[in-house]
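Everything on this sheet refers to the single structure shown next.
Quick note: the coordinates plus some simple rules give every number you see, no bench work behind them. Keep in mind that this is a model prediction, so the values were computed, not measured. Quick reminder, even Gly has a Cβ in these numbers, built from the backbone with ideal geometry, and neighbours come from all protein chains shown.
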Amino acid sequence: MIEQASILFRSRKISPERAVALAREVEAFNVEYCAVLDAGLVEQWPDFFTEDGIYRITARENAELNMPVGLVYAHGRNMMIDRAVAISRTQMFAPRYNLHMVSNTRVTDETQDGSILAQANFVLLQTLVEGPSTIHMAGTFYDRLVRKEGGLLLQERQVIYDTTIIANDLVYPL
Amino acid sequence: MIEQASILFRSRKISPERAVALAREVEAFNVEYCAVLDAGLVEQWPDFFTEDGIYRITARENAELNMPVGLVYAHGRNMMIDRAVAISRTQMFAPRYNLHMVSNTRVTDETQDGSILAQANFVLLQTLVEGPSTIHMAGTFYDRLVRKEGGLLLQERQVIYDTTIIANDLVYPL
Amino acid sequence: MIEQASILFRSRKISPERAVALAREVEAFNVEYCAVLDAGLVEQWPDFFTEDGIYRITARENAELNMPVGLVYAHGRNMMIDRAVAISRTQMFAPRYNLHMVSNTRVTDETQDGSILAQANFVLLQTLVEGPSTIHMAGTFYDRLVRKEGGLLLQERQVIYDTTIIANDLVYPL
């Protein structure tokens, strides 16, 4: 756990004005992304990535040790589609509602070819039948986005979660 | 509960640029709305609605079944004023602090006459005397806003909450 | 606790358009501020304040009674640096991850010399080893920001927390 600085911290390399303008775009992207997931439209989830996009979920503890071995790893839309199909068909986990709260969207860099380095904090709230809404997972998205097909797409999303105890049934994308 | 797609999902019908611009306006509106409620100024709450505005609170479970029968229903400012007066006078519920966290503001459509279809996720945190801050309710606002009196007003706010167990004392607006 | 209006409420004195534009700037400022704290870079924390900046943390219960006696009070960067050094060296508290969620950013006024009155709601989530992510503290920042050194700096940040039970080990800035 952090007692000293996190290796995950990225300094902002662009002007505040540019960072604000890009953060608005990334924020809008994340809002669409989460709306689709919260509505259970998991089969649309791969569409937010490039054809060869990377998606992984890693515990902060591992990420801080520079061991990005993850809970989930998918490389390319095809792997994501497989995953999405599996999730939409499985009945292994109890029905629940998902609700994403995303805030603290931050753009730290922009490359010459237009790709964007961004991050955002998230809380995934879950509600099971006859239960309260609880914090299922909290953490940070570390993203690389590119401009393609007339909008932003994820070249890479690394979900780093702080939560150290995760229910065994986690399969739903974040 | 959702295993398949939510009937509540709305596709975005406007350009990303327009959606971002309008979302900023709606966000600012919600910030004022919540600041008033969190400060306990419930008698100002009806002012955020049009004269014939509609306000309702519905469980997601019912909304998904297309049964928008609600926990609360008010049609028109007068009904809201009655409600606000009742709340401000009642001592039936234990004193508490309210704190709204609103995120994921999303504008999905804009009609020719300038009304806006928007949504946003919210968490209402409550703190009772000698207690921690807990998640009282989490869900989504589904709104129709219109431009009137030099700003935005709610023509309709449908609060859909995920939380399936609600304390009996809920009377405060969201 | 509030049964009547909070004395903390401030009406907005500027146009909605100006409020939105300034809120974007303040939001970006808070995102940087929180990213530094969440990464454990506490020694950089005083840099977000002016040389003679004020920082205090007060329970809402006391603030509502107009008794801004606080859990924490620091006047000037030097006091903050002392505090930051003490925190970064202490091992008195169990290791944990911090995650700030900031939303509902609201600018209520702007003075002729360019200082900004702003507020924002926050939730500080903490995760201890082998534990879930829990709400450690929730409340509101009440800020006065000034333009200096090519950006915004805090002239004063008053953190008012709703949470009435705070773990004894609270020393980390918010």
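Scanning residues 5 or more positions from residue C:72 or on other chains, those with amide H under 5 Å from its amide H are C:57, with H placed 1.01 Å from N in the peptide plane.
Here is how the number arises for the protein assembly as shown: DSSP H runs of 4 or more residues each give -39500 (n - 2.57), the sum is divided by the residue count, and the result at 222 nm is -7500 deg cm²/dmol. When the Cα gyration tensor is reduced to axis lengths a ≥ b ≥ c, the ratio a/c is 1.5 or higher for the stretch C:33-171, and with a/b above b/c it is classed as prolate. Plainly put, the tip 7 Å out from Cα toward Cβ on residue A:95 is 4.2, 4.2 nm from that tip on each other copy, the closest given first. When only the Cβ of Lys, Arg, Asp and Glu is charged (+1, +1, -1, -1), the dipole of the stretch C:1-59 relative to its Cα centre reaches about 440 debye.
Shown for the protein assembly as shown: lysine pairs separated by 8 or more places, or found on different chains, whose C-alpha atoms are under 27 Å apart, numbering 6. Taking a ≥ b ≥ c as the square roots of the eigenvalues of the Cα gyration tensor of the stretch B:76-127, is the shape rounded (a/c under 1.5), prolate (a/b larger than b/c) or oblate? Here the stretch B:76-127 falls in the oblate category.
The residues packed around residue C:149, meaning those with a beta-carbon under 12 Å from its beta-carbon, carry a net charge of 0 if Lys and Arg are +1 and Asp and Glu are -1. For the protein assembly as shown, the share of DSSP beta bridges that are antiparallel, to the nearest 5, is 85%. Averaged over the residues of peptide A:54-63, the number of Cβ atoms from other protein chains lying within 10 Å of each residue's Cβ is 1. The 3J(HN,Hα) values that the Karplus relation (6.51, -1.76, 1.60; θ = phi - 60°) gives for the stretch B:98-113 are, in residue order, 9, 9, 8, 10, 10, 8, 6, 5, 9, 9, 9, 7, 9, 8, 4, 8 Hz. Gly and Pro appear as x.
Dipole magnitude for the stretch C:33-97: about 200 debye, using +1 per Lys or Arg Cβ and -1 per Asp or Glu Cβ, origin at the Cα centre.
What percentage of all Cα-Cα pairs in the protein assembly as shown are separated by more than 31 Å? The answer is 43 percent, as a whole percent. Springs between Cα atoms under 10 Å define the GNM used for chain C, and in it the highest mean-square fluctuation of C:83, C:12, C:144 occurs at C:12.
Which whole-number percent is the relative contact order of chain B (Cα, under 8 Å, 6+ apart)? Over chain B, the number comes to 24 percent. A point 7 Å from Cα along Cα→Cβ stands in for residue B:52, and the other copies hold the same point at 5.8, 5.8 nm, listed in rising order.
Between helix C:16-38 and chain C, what is the angle of the helix's C-alpha long axis to the longest principal axis, kept within 0 to 90° and rounded to the nearest 10? Long axis of C:16-38 versus the principal axis of chain C: about 20 degrees. In the assembly of identical copies, residue B:69 has its label point, taken 7 Å from Cα in the direction of the beta carbon, separated from the corresponding points by 5.3, 5.4 nm (ascending, one decimal). For the stretch B:1-138, the Cβ-based charge dipole about the Cα centre amounts to some 200 debye (Lys, Arg positive; Asp, Glu negative; other atoms uncharged). Annotation: the antiparallel percentage among DSSP beta bridges lying fully within chain A is about 85. For the stretch B:102-174, the orientation-averaged shadow of the C-alpha convex hull comes to 6.3 nm² (one quarter of the hull surface).
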